[in-house]
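Before I ask anything, let me first share the structure, which is written out below as structure tokens.
Throughout, read-outs are computed from the coordinates displayed, never taken from laboratory work. What you see is a predicted model; the values in this text were computed from it and never measured. Cβ sites come from the backbone with ideal geometry, for glycine too, and all protein chains shown count toward neighbours.
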Amino acid sequence: METQNMKAVLCTKYGEPEVLKMSEVTKPFPKHNEVCIKIHATAVTMSDIFIRSSDLPLRYKIPMRLVLGIRKPRRAILGLVLAGVVESTGKNCSDFKVGDKVYGITGFGMGCYAEYKCMKENDSTYGCLALMPKNVSFEEAGSLAYGGLLALQYIEHGNIKKGDHVAIYGASSNSGTLAIQLANNFGAHVTAICSSKNHKLVKELGADVVMDYQVQDEIPAGVQFDFVLDAVGNIKTSKLKEACKKALVSDGKYTSIDDGDLKLVAHRLDKIREFTEAGVLKAILDRTYPLDEIVEAHRYVQNGHKKGGVAISVL
Ligand SMILES: NC(=O)c1ccc[n+]([C@@H]2O[C@H](COP(=O)([O-])OP(=O)(O)OC[C@H]3O[C@@H](n4cnc5c(N)ncnc54)[C@H](OP(=O)(O)O)[C@@H]3O)[C@@H](O)[C@H]2O)c1
């Protein structure tokens with residue numbers, strides 16, 4: 001069979017955003033149990049920044065390098081978020097058909113900074129895939145796949161009941177903006193913690209109370225939480241984050257989105273689609289860049305202050 005080429009961004013060494021280079025590589029062909037997706041949008045997440053830069057505390061850096069490659073990324077095409085259209089299917093595939101609009105995550109399988117990606121149609125350690133919500137753009141779908149999977153998995157730890165007091169720490173992150181909406185939908189009283197410039201946004205998403213981690217160090221006397229969700233991960237912290245933990249009721253629960261591994265499961269993508277189509281979840285997109293401006297997108301996300309997601313259009 002004649003091989004075809006595709007555009008892709010290659011990362012041949014760890015380092016600053018400039019290590020990412022536009023290139024031409026061979027277009028992948030699906031195996032029997034794989035679908036080939038024409039990617040319309042991917043995303044730059046904080047995970048991509050950690051993977052590309054490898055700039056992490058040793059306790060994270062060593063296991064990460066063992067998985068990704070000791071001296072350079074073993075898989076040169078980074079990117080773990082995709083939204084696109086099924087272009088072809090392997091002969092054993094039955095869940096998706098050509099033309100389906102899909103969204104998903106490839107995890108350490110990566111490969112989404114490209115025009116095409118082949119992946120198993122069923123859940124695996126290299127990803128999960130589902131039909132994308134009908135009422136969103138490809139860019140929004142990518143943001144919902146990453147932030148939504150994180151938000152839904154970890155908010156489930158809280159077993160939220162109507163009237164519970166829930167704090168979302170890092171409320172302006174991708175998963176934070178979605179976690180507010182989920183907690184609100186479960187009937188919680190939501191305290192959203194982020195810097196003041198994002199207070200208007202998080203209130204619009206359903207926060208009842210807002211706090212600024214850059215200004216406040218303490219939780220007001222008498223305020224207690226049934227559940228605290230850290231939606232920015234362990235590295236980003238503050239005195240207020242520590243104060244949140246101390247403000248839990250006696251059987252209250254604290255969870256960070258860094259506790260354990262993100263589960264790559266299509267059933268949660270299905271749930272996110274249902275919530276989105278029902279108007280419960282709305283994707284927040286900070287910026288969208290074309291694929292050939294991926295270096296600028298990485299610089300922006302690396303600053304650590306994006307709100308919601310940053311999308312990459314791949315058309
Ligand atoms: N468990 C897993 O397997 C797994 C998998 C993937 C990702 N993750 C975690 O998920 C995170 C997701 O990142 P993301 O891309 O959604 O978000 P992000 O880009 O890390 O978050 C950006 C937000 O962080 C806020 N922020 C910055 N410093 C802060 C601080 N000290 N305290 C509170 N908020 C702060 C910023 O708000 P302001 O502008 O208001 O400061 C900004 O809106 C990753 O960093 C990783 O830790 C976990």
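Only bridges with both residues in the chain count here: give the DSSP antiparallel percent, nearest 5. Write out the running numbers ahead of the final one.
On the way: 33 of 56 bridges.
Looking only at bridges with both residues in the chain, the antiparallel portion is about 60 percent.
Here is a further query. Under a Cβ-only charge scheme (Lys and Arg +1, Asp and Glu -1), can you give me the dipole magnitude of the stretch 149-256 about the Cα centre, in debye to the nearest 20? Walk me through the intermediate numbers first.
Working: 11 positive and 11 negative charges, 29 e Å.
The calculation lands at about 140 debye.
Cα-based Rg of the chain per 2.2 N^0.38 Å, rounded to two decimals? Don't skip to the answer; put the middle values down first.
Values: Rg = 19.4 Å, N = 315, 2.2 N^0.38 = 19.6 Å.
Rg over 2.2 N^0.38 Å, computed on Cα atoms: 0.99.
Separate question: Normalising by the residue count of the chain, find the relative contact order in percent from Cα pairs under 8 Å and 6+ residues apart.
Values: 749 pairs, mean separation 62.9, N = 315.
Worked out over the chain, it gives 20 percent.
Related question: Note the full-extension length gain between residue 299 and residue 200 as 0.36 nm times their separation in residues minus their Cα-Cα distance, in nm to one decimal.
Working: separation 99, 0.36 × 99 = 35.64 nm, distance 2.53 nm.
That pair, residue 299 and residue 200, stretches by 33.1 nm at full extension.
Taking the radius of gyration and the Kirkwood hydrodynamic radius from Cα positions alone, what is the Rg/Rh ratio for the stretch 120-176, to two decimal places? Could the numbers behind the result be given before it?
Numbers: Rg = 13.9 Å, Rh = 13.4 Å.
My calculation puts Rg/Rh at 1.04.
For a footprinting-style exposure proxy, rank 86, 280, 232 by other Cβ within 10 Å, fewest first.
By the 10 Å Cβ count, ascending: 280, 86, 232.
Over the residues of the stretch 158-208, compute the C-alpha Rg and express it relative to 2.2 N^0.38 Å.
My calculation over the Cα atoms of the stretch 158-208 gives 0.99.
Report the semi-axes of the equivalent ellipsoid for the stretch 149-256 in whole Å, largest first, where each axis is √(5λ) for an eigenvalue λ of the Cα gyration tensor.
Values: eigenvalues 57, 50, 35 Å².
So the three semi-axes of the stretch 149-256 are 17, 16, 13 Å.
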